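**Student:** Below is one structure. I have some questions about it.
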Amino acid sequence: MAGRINDDDVKAVRDAVPIDAVVSEYLQLRNAGGGNLKGLCPFHDEKSPSFQVSPSKGLFYCFGCQEGGDTLDFVMKVDHLSFSEAVERLAAQAGITLRYEEGGYAPGRQQGERIRLVEAHRAAAQFYVEKLDGAEAAIARQFLADRGFDQDAARHFGVGYAPAGWDHLVRFLRGRGFSDKELILSGIAQDGRRGPIDRFRGRLMWPIRDITGEVVGFGARKLRDDDNGPKYLNTPETPLYKKSQVLYGIDLAKKEIAKSSTAVVVEGYTDVMACHLAGVTTAIATCGTAFGGDHVKILRRLLMDNANAEVIFTFDGDAAGQKAALRAFEDDQKFAAETSIAVTPEGMDPCELRLARGDDAVEALVKSRTPLFEFAIRQVVSRHNLDTTVGRAAALEEAAPIVASIKNGSIQHESAVQLAGLLGILDTQFVVRRVGQLARWARERGRGGTPVTGSRSPRHRTSASSEQQTPPPVTRSGPALNLRSPAHRVERELLKLALQFPDLVSPAFDAYGADEFTAPPYAVVRQTIEAAGGTTAAGSGFLARVRDAAPDDSVRALVTELAVEPLHTRRDPDEAYAGVQLVAVRLAAVNQRIADIRGTLQRLGGGADPGQLAAVQQELWVLQQYGQSLRERGAAAL
């Protein structure tokens, strides 16, 4: 096994890859002021951004779930990597060759498991691309041509061809140094009678990439009649590939989705290709599974829960397409964005539409969208016989919960009025009241919406948002902080200055004792800064040294939080602002000591030893004079 990675190389990796560049591969970041950036946390569900990144400090912190750390910590947590795997991944990205303590440079077979699987997929994807040019792949090229895709389109999406033999790819990857175990674990190969064989044979291949652009799996389309397998065959669940957590085309679409605050969800690989080539570059698709909660999370982090954002689903107008649209509506409440549906004409999917009517028709399809709740209401109402009283009542009970789940209050009211018209119920206010009642029940029960299927009482209803798992509360060791305390607030501000702008508080800060911080967790942070050399030793790597000096993870997390949290000043902090905080903390400590001494004098009483009494009174006088000087002269008295 490889030894420990050289510390200098780890530092070089941290310094070489900006944290904002890494984080922005996973979520959209916006200006948060004070040089920080903010976005929706990738580690827990939230409605407003509490996740902050400080590029200048190389740290991130979520004020909602308390996850925090540096670039390596982020990669480890978001991709479930070990420390060495995270270092190796970022080193490869930065072009840094790693050294190990036992000597030598990182040999390929000693890298982390995930890194190896990613490299195997990358090599396999290139293998498939090269095979698409061969004579055997003529049928694959014809399949693409028949759907309007030329060689440039195939190259843009990385489309390839898997040869029909049993072990072409297996032999190729073995030659690249990959073990049979790695090939099986990756899902690229499967067990055969005499060892691993290619999982995909004689098929058109689409590489499935994660949001960072790494190939994590493949989708394979049957081409020949003698292929007894399914029409589409995807990579099985592996350490890299979870079909409920990937979206085909997300690597190509993410920047435009974030920029335009729009995402278009289509049903297949060729639909994504057709949309992108037609100019709809926000198109993505699920991979062999229905659009679900994990897909919602991916899009929410890109859309930033902008109220003006929109997610547009495209479905065929047939029964299956309608069913899929109604299923998608169940996830509507998980978005802050509006959701819409674009129903393809004559049962054509976007790929067929582009082939038949050109690029403009695909763009027109997306523009012709209607609100998803409106589509869902009409579909539900159409199931009932509105010529009868019983039919109208049943339709109302099924459709009213859908209207009640509409987030916008004015749209909800208008839709209730329209529902009354659809049902032919003359008493419009009755329908409006029923919708309002259901909406109120949902709010009272703490639920954000309803499923498509209606119900007669709130206890039978379930909200889409209720399915989201609430992360367990994060606790810290030590007593809770009373942040309403002025003393605690100013202690926090001073520690933030010491971590973020150490030059402004040095050297005075280093003379402060831990006992001057009345909140025990803050006292520990003060001791940690001292253990790292104090603010006078600040410079390159200061924050990293402080975090390394933390006695446990809870203190390390608090250091990260304080290093990222904005200061309570609207202007850039200066020596005057820092002086105010330094004085406030020192003055609070002086006042507390004065109160303690007065208590001591009271306990001593008149019968105390004269020498002891004089010493205590002298200390009290000195402290009173020092306190008065702090109040009059400020930081100059420190």
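**Student:** With a 10 Å Cβ neighbour count serving as the proxy for reagent exposure, in which order, fewest first, do Glu352, Glu237 appear? All intermediate terms of the calculation are to be shown ahead of the outcome.
**Tutor:** Numbers: Glu352 18, Glu237 12.
Least crowded to most crowded, the residues run Glu237, Glu352.
**Student:** ³J(HN,Hα) across region 426-443 via Karplus (A = 6.51, B = -1.76, C = 1.60, θ = phi - 60°), whole Hz, x for Gly/Pro?
**Tutor:** These are the phi-based 3J(HN,Hα) values: 6, 7, 4, 5, 4, 5, 4, 5, 5, 4, x, 5, 5, 5, 5, 4, 5, 5 Hz.
**Student:** In whole Å, largest first, what are the principal axis extents of the Cα atoms in the chain?
**Tutor:** Between the extreme Cα coordinates on each principal axis of the chain lie 107, 79, 42 Å.
**Student:** List, in order, the whole-Hz ³J(HN,Hα) value for each residue of region 548-565 obtained from phi through the Karplus relation with A = 6.51, B = -1.76, C = 1.60 and θ = phi - 60°; use x for Gly and Pro.
**Tutor:** 5, 7, 4, x, 7, 5, 5, 5, 4, 5, 5, 4, 4, 4, 5, 6, 9, 4
**Student:** What order do you get for 92-100, 530-538 when each peptide is scored by the mean count of other beta carbon atoms within 10 Å, highest first? If you can, show how the numbers build up before the last one.
**Tutor:** Numbers: 92-100: 15.0, 530-538: 17.2.
Packing order, densest peptide first, comes out as 530-538, 92-100.
**Student:** Lys407: which lysines have alpha carbons under 28 Å from its alpha carbon, excluding same-chain residues fewer than 8 sequence positions away?
**Tutor:** Leaving aside lysines fewer than 8 places away in the same chain, those within reach of Lys407 are Lys38, Lys47, Lys254, Lys255, Lys259, Lys297, Lys323, Lys334, Lys367.
**Student:** For Lys181, which aspartates and glutamates qualify as cross-link partners when the Cα separation must be under 12 Å and same-chain residues fewer than eight apart are set aside?
**Tutor:** Within the straight-line cut-off, Lys181 pairs with Glu113, Asp191.
**Student:** Could you estimate the translational diffusion coefficient of region 7-107 from the Stokes-Einstein equation, with Rh from the Kirkwood formula over C-alpha pairs, at 37 °C and 0.692 mPa s, in whole µm²/s? List each step's numbers first, then the result.
**Tutor:** Values: Rh = 14.2 Å.
In µm²/s, the coefficient rounds to 231.
**Student:** Which residues' amide hydrogens lie under 5 Å from the amide hydrogen of Leu59, considering only partners 5 or more residues apart or on another chain, with H built in the peptide plane?
**Tutor:** Result for Leu59 returns Ser54.
**Student:** Along the Cα→Cβ direction, 7 angstrom out, place labels at Asn591 and Asp227. What is the inter-label distance in nm?
**Tutor:** Between Asn591 and Asp227, the simple spin-label model gives 7.8 nm.
**Student:** Turning to a different aspect of this structure: Ranked by Cβ crowding within 10 angstrom, fewest neighbours first, how are Thr286, Thr344 ordered?
**Tutor:** Details: Thr286 19, Thr344 24.
Listed from fewest to most nearby Cβ atoms, that is Thr286, Thr344.
**Student:** Within 10 Å of each residue's Cβ, count the other Cβ atoms and sort Tyr512, Tyr577 from fewest upward. Can you show the working numbers first?
**Tutor:** Numbers: Tyr512 21, Tyr577 18.
So the ranking, lowest neighbour count to highest, is Tyr577, Tyr512.
**Student:** To the nearest 20 Debye, how big is the dipole of region 7-107 about its Cα centre, given +1 on the beta carbon of each Lys and Arg and -1 on that of each Asp and Glu? Mind showing how you got there, number by number?
**Tutor:** Values: 9 positive and 16 negative charges, 102 e Å.
About 500 debye.
**Student:** Would you mind putting 74-82, 486-494, 225-233 in packing order, based on average other-beta-carbon counts within 10 Å, highest first? List each step's numbers first, then the result.
**Tutor:** On the way: 74-82: 17.9, 486-494: 20.1, 225-233: 11.3.
By packing density, highest mean first, the sequence is 486-494, 74-82, 225-233.
**Student:** Just order 382-392, 621-631, 544-554, 160-170 by mean Cβ neighbour count inside 10 Å, highest at the front, would you? Spell out each step's value before the answer.
**Tutor:** Values: 382-392: 12.3, 621-631: 14.2, 544-554: 16.8, 160-170: 21.1.
Ranked from most to least packed, the peptides come out as 160-170, 544-554, 621-631, 382-392.
**Student:** Let me check against my output: what whole-number percent is the relative contact order of the chain, with C-alpha pairs under 8 Å and at least 6 apart?
**Tutor:** On the way: 1019 pairs, mean separation 60.5, N = 638.
In percent, rounded to a whole number, it is 9.
Values quoted throughout were computed directly from the atomic coordinates according to the rules given, and no laboratory measurement underlies them. Note that this is a predicted model, so its numbers are computed, not measured. FYI the Cβ positions are ideal-geometry reconstructions off the backbone, even for glycines, and counts take in every protein chain you see.
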